[in-house]
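Single-structure report; data block below.
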Amino acid sequence: MHVERVETVERLSEIELDWDELYKADPAANIYLSASFILSIVKRTTVNFRILVAWTDEKRCVGALPLHIKTRWSKTAQRLCNDLDMLGHVFDADYTGILCDPDHEAAVCAAFARDVSAMSFARLILSYFSGPTSRLESFCAGFDPETFNTAHSERRINDGETNNLVCPYIELPDEFSAYLDKLSSNSRQKLRRLLRKLDADPELRITRSTPTTYGRDARILGELWYRRHAARKGEKRASKMAARTSEVLVAGLASGRMFLPVLWRGGAPVAAQANYIDPVKRHALFHVGGRDEAIRDLAVGLLLQAHSIRWSIAHGLRRYDFTIGDEPYKYSLGGFDREIAYVEVSTKTGVNRGGRLDEGSRTDVASRIRRYAAKGRDDDARTAARQALEVWPDFPAARDVETLIATPKKA
């Protein structure tokens with residue numbers, strides 16, 4: 001077993017076909033671990049990434065672990081530290097995980113744990129880890145308990161009412177009528193009434209995004225999402241999140257991985273929903289939705305969910321995944337629970353293992369030295385500079401830190 005560290009787009013593109021074969025072989029794979037999704041992240045963002053790829057002696061790809069290298073200032077330690085997060089999480093992936101050939105799972109997880117253990121980091125964040133429990137346990141068991149702490153965390157929203165580590169799903173039958181027959185009589189009748197209204201009311205129509213409407217439809221969904229969440233999240237934060245959501249949606253639509261229906265009423269959009277479509281596993285994965293909450297006489301969000309399920313069945317998909325969150329409506333639509341995990345592996349010292357910065361954080365460290373100097377955080381800038389010089393002896397931002405500190409600050 002050989003573990004390669006992939007840190008360039010060029011190398012990732014070279015092994016894309018090997019990654020695709022691994023994806024097909026892993027029954028627990030999800031679209032957020034596909035080569036196309038991971039490539040879309042590293043091509044569209046400037047994040048520092050490190051993807052571990054496991055190869056057999058016969059040069060067969062049997063494992064992949066996409067990571068993101070982050071840099072932060074530790075107030076407790078008064079120094080820079082590095083975190084390793086799951087790369088998919090950077091681009092709003094609902095799930096992350098380790099891609100594995102099931103015949104090599106234990107060996108791959110052990111090899112990845114050995115390699116990660118040797119890296120310079122303070123925390124490894126396994127955010128929204130999806131996959132067999134055995135896979136997560138095998139990986140976490142590879143971290144020496146004398147050096148690292150491992151802790152599972154909850155992820156709850158809506159004042160604790162919604163558990164984001166519970167992910168309901170539906171196994172889809174061949175016919176929509178068969179799906180309806182599995183629901184309670186109340187849910188079945190409600191969906192039939194909604195769909196009949198959609199088919200009969202000339203004021204209602206559903207459009208599907210096409211290349212000419214990608215931007216428009218992404219903005220519609222982002223705006224509907226913003227209106228619903230601005231009051232709770234704050235306008236500034238919600239505006240940034242809505243813009244980011246629209247960006248992710250355009251990328252998903254342009255890649256052909258996303259189905260985005262928009263519900264219109266009287267010429268105005270009243271609901272929209274984005275679902276990732278996995279043609280390999282034949283899964284639909286609900287990603288984000290938005291609706292006009294001023295509409296009280298029609299369950300527009302539920303209508304789009306029913307439409308998406310009907311569309312998925314008509315297109316031969318085998319699973320409809322509601323993804324994160326155990327909201328009640330998902331069970332009224334026939335959802336069964338599946339659990340994922342959120343785990344942090346951290347050094348007992350609270351700082352980077354070995355005390356040195358990760359070599360993949362060079363750009364972030366330079367940015368932080370300049371930022372601290374510009375904001376008058378002189379001691380922090382000097383500390384960051386000393387840390388940088390330990391790793392990169394000729395580091396311009398660190399070498400010139402006193403000049404940066406002496407530069408007049410903007411009013």
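Does S120 meet the test of being at pLDDT 95 or above, hydroxyl-bearing (S, T, Y) and assigned to a loop (DSSP other than H, G, I, E, B)? So S120 fits the description; yes. The set of residues in segment 1-59 that are over 21 Å from S130 (Cα atoms) and among the basic types (K, R) comprises R5, R11, K43, R44, K59. Considered as a group, the residues in segment 73-107 that are in contact with a Leu (Cβ under 9 Å, 6 or more places away or on another chain) and of a type in the set (G, A, S) include one that is nearest to H287 (Cα to Cα), and that residue is A93. Test L84 against the stated conditions and say whether it is modelled with pLDDT of 95 or more and over 22 Å from N275 (Cβ atoms). Yes. Among the residues of segment 95-112, those identified as in a helix (DSSP H, G or I) and surrounded by 24 or more Cβ atoms within 10 Å (Cβ to Cβ) are V108, C109, F112. The listed residues are S117, S138, S130, and the only one of them that is out of contact with any Ser or Thr (no Cβ under 9 Å at 6 or more places or on another chain) and of a type in the set (G, A, S) turns out to be S138. Remark: pairs (first residue in segment 187-208, of a type outside the set (S, T, N, Q); second residue exposed (fewer than 15 other Cβ atoms within 10 Å of the Cβ) and at pLDDT below 95; Cβ separation under 6 Å; 6+ apart in sequence or on different chains) = E203/G266.
Of the candidates S127, S134, S138, the single residue that is in contact with a His (Cβ under 8 Å, 6 or more places away or on another chain), in the same structural domain as L99 (by TED's automatic domain parsing) and not in a loop (DSSP other than H, G, I, E, B) is S127.
For every residue, the table says whether it meets (1) closer than 30 Å to A77 by Cα; (2) out of contact with any Leu (no Cβ under 7 Å at 6 or more places or on another chain).
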| residue | (1), (2) |
| --- | --- |
| F129 | yes, no |
| S138 | no, yes |
| F143 | yes, yes |
| T162 | no, yes |
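Of the helices (runs of 4 or more DSSP H) contained entirely in segment 148-263, those carrying at least 1 residues that are crowded, with 20+ Cβ neighbours inside 10 Å, of a type outside the set (F, W, Y) and more than 22 Å from the chain's Cα centre (by Cα) fall at 185-200. Within the set N149, N158, the sole residue that is outside the structural domain of D297 (by TED's automatic domain parsing) and modelled with pLDDT under 95 turns out to be N158.
Residues of segment 82-94 that are in contact with a strand residue (DSSP E or B) (Cβ under 9 Å, 6 or more places away or on another chain) and surrounded by fewer than 24 Cβ atoms within 10 Å (Cβ to Cβ): D83, L84, D85, M86, H89, V90, D92.
Hey, does segment 171-184 have a residue that's at pLDDT 95 or above and closer than 17 Å to Y95 by Cα? Within segment 171-184, none of the residues are at pLDDT 95 or above and closer than 17 Å to Y95 by Cα.
Matching residues to (1) in the same structural domain as S40 (by TED's automatic domain parsing); (2) farther than 27 Å from E171 by Cβ; (3) in contact with a Lys or Arg (Cβ under 8 Å, 6 or more places away or on another chain); (4) not aliphatic (A, V, I, L, M):
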{"residue": "L183", "(1), (2), (3), (4)": "no, no, no, no"}
{"residue": "K190", "(1), (2), (3), (4)": "no, no, no, yes"}
{"residue": "R208", "(1), (2), (3), (4)": "no, no, no, yes"}
{"residue": "R232", "(1), (2), (3), (4)": "no, yes, no, yes"}
{"residue": "A242", "(1), (2), (3), (4)": "no, yes, no, no"}
{"residue": "S246", "(1), (2), (3), (4)": "no, yes, yes, yes"}
{"residue": "P261", "(1), (2), (3), (4)": "no, no, yes, yes"}
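The values are calculated or read from the model by the stated rules, or taken from the named source; none is laboratory data. What you are looking at is a predicted structure, and each value in this text was computed from that prediction instead of being measured. All Cβ positions, even for glycine, are placed from backbone atoms using ideal geometry, and neighbour counts span all protein chains on display.
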